[in-house]
Amino acid sequence: MDLDSYSLNKFKLVHNEIILGPKGLDYDNITFSGMQFKHTLIIKVSDKGEPSLTSTVMVIVRVTRVNEFKPLPGNNVFTVVENSELGTLVGTVKFTDDDWPFNNLKYTVVAGDFGTPPKFYIEPNTGNIVVLNDLDRETQERYTASIQATDLNNDIEPDPLKQLKNIALITINIQNVNDEPPVCNPAYYEEYILSTNKAPFLKLQCSDRDSPNDQLSYAITGVLREAFIKVNNKERQKGL
């Protein structure tokens, strides 16, 4: 029995019967797909006469698919910058399915919170996650959802009852952008202090939605001109 290198050890002859060899069959193989999922066996039959005569038999074995493997989830943690434009690609839900055709999956959201209204959309045929609404990390910094992957067309006769499924938890972290200026409350102060005062006399109450309070810095950048005018007038009056 002549065999190509891929078919080697997948079949053997026991007298006049063809049986499966030690390797067995494997439909889910890219090399086998190039062979149209068939093995071609050339079998020589010889008698013991003098001279020995030989005949050749060709046997084509067509292998059909069977849905064997459940989709397996990968690492499904993603990051997207807040204020991303609508339609921005966040990432692709990661599953692998070892049945041919490989990774032929449909994706659906079965649980979780993408916000109200939803901030993200998952394309059913690709698993691509895109931004659907405005993102604001100061409102919510993380979203999670359970995504179900269902394999498709992995049996010789497609049967929804035989489709295999699995679920993965995905996490989308919102990356901060410094888009909120510090806010001081109140924004205006007026204080009276003694001219001999040496101690701190005012504590500003400021906060920033993007940064912790201990990361705020303060600096005097100027003095209103009105204050200069009042001081100069007092000096002139003393000189008169």
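Tell me which residues, restricted to segment 76-119, are touching a strand residue (DSSP E or B) at 6+ places or on another chain (Cβ under 8 Å), closer than 26 Å to residue 142 by Cα, polar (S, T, N, Q) and open to solvent by 60 Å² or more (accessible area, probe 1.4 Å). Of everything in segment 76-119, those that are touching a strand residue (DSSP E or B) at 6+ places or on another chain (Cβ under 8 Å), closer than 26 Å to residue 142 by Cα, polar (S, T, N, Q) and open to solvent by 60 Å² or more (accessible area, probe 1.4 Å) turn out to be 79, 96. Scanning segment 151-197 for residues that are in contact (Cβ under 8 Å) with a residue 40 or more places away in the chain and part of a strand (DSSP E or B) gives 151, 165, 166, 167, 168, 169, 170, 171, 172, 173, 174, 175.
Within 25 Å of the chain's Cα centre (by Cα), outside any loop (DSSP other than H, G, I, E, B) and at pLDDT 90 or above: is that true of residue 148 in this structure?
Yes: the conditions hold for residue 148.
Right, residue 193: under 19 Å from the mean Cα position of the chain (by Cα) and either on the phi < 0 side of the Ramachandran plot or surrounded by 14 or more Cβ atoms within 10 Å (Cβ to Cβ) (or both) or not? No: the conditions fail for residue 193. Quick one: is residue 73 within 16 Å of the chain's Cα centre (by Cα) and either open to solvent by less than 70 Å² (accessible area, probe 1.4 Å) or of a type outside the set (Val, Ile, Thr) (or both)? Here the answer is yes, as residue 73 does meet what is asked. Residue 9 fulfils the conditions (1) of a type outside the set (Gly, Ala, Ser); (2) in contact with a Leu (Cβ under 6 Å, 6 or more places away or on another chain); (3) on the phi > 0 side of the Ramachandran plot except for a single criterion, (2).
The values are calculated or read from the model by the stated rules, or taken from the named source; none is laboratory data. Everything numeric in this text was worked out from a predicted model, so none of it was measured. FYI the Cβ positions are ideal-geometry reconstructions off the backbone, even for glycines, and counts take in every protein chain you see. Note: areas computed on protein heavy atoms with side chains; ligands, DNA, RNA excluded. Shrake-Rupley method; radii C 1.70, N 1.55, O 1.52, S 1.80 Å.
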